[in-house]
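Peer 1: Before I ask anything, let me first share the structure, which is written out below as structure tokens.
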Amino acid sequence: STGINAIAYNKLKKYLGVDSKTVLFDVKQLLAEMDFEVAKRIGSDVVILPRLVPSVGIRIDELTEGELPENGGSCLQSKFYHPKPLDNGGMGIYDKYGHLIAVRPKGGIFYDEVYHPLENAETEEDVDRGLSIADEDGDSQYLGLPQISDYEMRYLHDKAKYIYENTDFAISGFTSFSLFERGFKDFGYENYLMLFYEDPDLAEYYLDKMTDAYITYMERYLDAVGDYIQIVQNNDDLGSQKAMLISPEIYREFIKPRHAKINAAIKKKCPDMHISLHCDGSIYPIIGDIIESGFDILNPIQRDCDNMDPVQIKKEFGDRLTIWGSACSTQSTMTHGSIEDIVNEAKEMIRIFAPGGGFVFSQIHNILADIPPEKIVALFDTAKKYGVPEWFNAQ
């Protein structure tokens, strides 16, 4: 749903007096896996269950000592993470086939995906060929159709079972389900968006293959962890700062019925499972469609974007949708505002979203590297102080 940059997390742990090693689970976004001790301190009710391969094809089942970029401190990172220097001063990640798949610019901390196996695809055969590349053990999760290996099923089962039996946290399972957004990686940004208009039949073919693969994958995923997790999280960014990335009509024709098909398969397998959609951007025109397609939770309500008014969204959808996030903007307030600004914004969002239930308090998006720990603690202490019915029902 929403995470924390590992550099900011190192600072937060020092501030809280927690001396454990930070585990870097997502090298692309430089995200840390939160310790149970820290989660309890900030009042979290939920912890995440990352995939074996959370990003850019790098497994996290074996860790080694590492250093974060920009003097961000030490961490434990995948022993399979071996970025190589590029001629322009940046760093690159290569897959086992020799493809340069992700690039971190000089002075940067995030990787951009740069390899698109379907960028020249013109026929169904091209799509089949481009998606046929995958690790023999099914652990790559970067190329080819979505899949989950027997090894990963055991890995996730054991980790989920441990959290379930030894903590009081709810568990949100990161599934790597990204039906629409996955096309950006496979085709490239411009190619994919134009595909819906220039060759809608090929777009349908690609999305059908992905949908069938995701259903098989989700059934196996839930065989492994369905007895232990309460939430499955899916990621499909459909909006930009100003508007949707595709028209509502394109979403309803191409994406919505396939979202619904995948969600129906999840509910058939685990009827009590809560299905969460992480979807950034200005997406107000399709929030009703998101609910109709079977999602129970929407993360976040990105209020910095156009046409995402929290009062309107709560009034229109609050009785049918759990809103996860939106407590404070990491894009503006947490980055540029004062602690007083953060507290006031968080109180206002509690006042708007909490009455009647259906609100999970969290910042809008990932906590960035330069956000100091004092601001983070102030945000979540606000939730503990004001996130009670005696306060928000009286407002």
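All of the numbers you see were taken from the coordinates with simple rules; none came from a lab. Here the structure is a predicted model, which means the values were calculated and not measured. Note that we place each Cβ from the backbone using ideal geometry, even for glycine, and neighbour counts take in every protein chain shown.
For every residue, the table says whether it meets (1) without any contact (Cβ under 8 Å) to a residue 60 or more places away in the chain; (2) among the charged types (D, E, K, R).
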{"site": "Lys242", "(1), (2)": "no, yes"}
{"site": "Pro248", "(1), (2)": "yes, no"}
{"site": "Arg252", "(1), (2)": "yes, yes"}
{"site": "Ile255", "(1), (2)": "no, no"}
{"site": "Ile262", "(1), (2)": "no, no"}
{"site": "Ala265", "(1), (2)": "yes, no"}
{"site": "Lys269", "(1), (2)": "yes, yes"}
{"site": "Ile275", "(1), (2)": "yes, no"}
{"site": "His278", "(1), (2)": "no, no"}
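Peer 1: Touching a Phe, Trp or Tyr at 6+ places or on another chain (Cβ under 8 Å), part of a strand (DSSP E or B) and either among the basic types (Lys, Arg) or within 22 Å of Lys375 (Cα to Cα) (or both): which single residue out of Val47, Val103 fits that description?
Peer 2: Details: Val103 fails: either among the basic types (Lys, Arg) or within 22 Å of Lys375 (Cα to Cα) (or both).
Of Val47, Val103, the one residue that is touching a Phe, Trp or Tyr at 6+ places or on another chain (Cβ under 8 Å), part of a strand (DSSP E or B) and either among the basic types (Lys, Arg) or within 22 Å of Lys375 (Cα to Cα) (or both) is Val47.
Peer 1: Would you mind listing the helices (runs of 4 or more DSSP H) fully within region 194-300 where at least 2 residues are in contact with a His (Cβ under 7 Å, 6 or more places away or on another chain)? Write out each step before concluding.
Peer 2: Details: elements: 200-225, 256-269, 287-292.
Helices (runs of 4 or more DSSP H) meeting the threshold: 200-225.
Peer 1: Output the number of the condition that Asn234 fails; it satisfies all remaining conditions of (1) crowded, with 16+ Cβ neighbours inside 10 Å; (2) free of Cβ contacts under 8 Å to residues at least 40 places away in the same chain; (3) of a type in the set (S, T, N, Q).
Peer 2: Against the list (1) crowded, with 16+ Cβ neighbours inside 10 Å; (2) free of Cβ contacts under 8 Å to residues at least 40 places away in the same chain; (3) of a type in the set (S, T, N, Q), Asn234 comes up short only on (2).
Peer 1: Looking at (1) without any contact (Cβ under 8 Å) to a residue 40 or more places away in the chain; (2) farther than 30 Å from Gly43 by Cα, which is the only condition Glu204 fails?
Peer 2: Of everything listed in (1) without any contact (Cβ under 8 Å) to a residue 40 or more places away in the chain; (2) farther than 30 Å from Gly43 by Cα, Glu204 misses just condition (1).
Peer 1: Within region 340-358, identify whether any single residue is more than 30 Å from Ile255 (Cα to Cα), small (Gly, Ala, Ser) and in a helix (DSSP H, G or I), and answer yes or no. Don't jump to the end; show me each part of the working.
Peer 2: Within region 340-358, the first condition is being more than 30 Å from Ile255 (Cα to Cα), and the residues that meet it are 340-352, 354-356.
From what's left, small (Gly, Ala, Ser): 346, 354, 356.
Applying the additional criterion that residues be in a helix (DSSP H, G or I) yields 346.
Yes, region 340-358 contains a residue that is more than 30 Å from Ile255 (Cα to Cα), small (Gly, Ala, Ser) and in a helix (DSSP H, G or I).
Peer 1: Picking from Phe25, Phe80, which residue would you name as being outside any strand (DSSP E or B) and either free of Cβ contacts under 8 Å to residues at least 24 places away in the same chain or closer than 30 Å to Ile323 by Cα (or both)? Steps first, please.
Peer 2: On the way: Phe25 fails: outside any strand (DSSP E or B).
Of Phe25, Phe80, the one residue that is outside any strand (DSSP E or B) and either free of Cβ contacts under 8 Å to residues at least 24 places away in the same chain or closer than 30 Å to Ile323 by Cα (or both) is Phe80.
Peer 1: Looking at (1) touching a His at 6+ places or on another chain (Cβ under 7 Å); (2) without any contact (Cβ under 8 Å) to a residue 40 or more places away in the chain, which is the one condition that is false for Lys185?
Peer 2: It fails just one condition, (2).
Peer 1: Are there any pairs, at least 6 apart or on different chains, whose C-beta atoms fall under 6 Å, with the first in region 307-321 and of a type outside the set (A, V, I, L, M, F, W, C) and the second surrounded by fewer than 17 Cβ atoms within 10 Å (Cβ to Cβ) and in a helix (DSSP H, G or I), and if so, which?
Peer 2: What qualifies is Arg320/Ile291.
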